[in-house]
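Before I ask anything, let me first share the structure, which is written out below as structure tokens.
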Amino acid sequence: MHAIQLQAKGGPAIFVEDRSVPALPDDCLLVKTVAVSLNPHELLDIYPPWSFSDPGDVLGCDYSGIVEEVGAGVTRDFKKGDRVCGCTWPNPLQPDWGTFAEYIVVVADIQMHIPEAISMEDAAALGVTALTTGAVLVRLHTLDYPFLFMRV
């Protein structure tokens, strides 16, 4: 598959054609990306000392796409063909989890269904924004934090 991965710390990202589709953990979705968006995170992820990514990691946080496969342990109402958006973070433990790739793996509990009235391009900008908004509401209004294992 095609992906954009980090070539070197402080160096350019590169376009790659021969990367494998990531393995699907039980609590995740495999998604074929339709659109991605940029955040300051992508810039910080390339340049030390802020970068947590290593050379070879796929970059990107926000996306929209179509569900290709649902992990065996997913309890939310996702099925193949659903339009979804959200975010993920590439990290040293999951170097394939960036969104700048044809196929991505995302934790199901923090993804959203896309209403028909919203375009895939617009939905690609919602992931980090939605999580940031939720964090502000929890922090400023002392709302209970919805941990991943809680039903909300």
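Kindly evaluate Asn39 against the criterion of being in contact (Cβ under 8 Å) with a residue 24 or more places away in the chain, among the polar types (S, T, N, Q), within 18 Å of Thr129 (Cβ to Cβ) and surrounded by fewer than 21 Cβ atoms within 10 Å (Cβ to Cβ).
yes
Checking Gly11 against (1) small (Gly, Ala, Ser); (2) surrounded by 13 or more Cβ atoms within 10 Å (Cβ to Cβ); (3) modelled with pLDDT under 95: exactly one of these is not met. Which one?
(2)
Can Leu24 be described as in a strand (DSSP E or B) and either under 24 Å from Pro115 (Cβ atoms) or modelled with pLDDT of 90 or more (or both)?
no
Could you please let me know if Leu126 is surrounded by 13 or more Cβ atoms within 10 Å (Cβ to Cβ) and at pLDDT below 95?
Taking the combined requirement at face value, the residue satisfies it.
The values are calculated or read from the model by the stated rules, or taken from the named source; none is laboratory data. Here the structure is a predicted model, which means the values were calculated and not measured. Quick reminder, even Gly has a Cβ in these numbers, built from the backbone with ideal geometry, and neighbours come from all protein chains shown.
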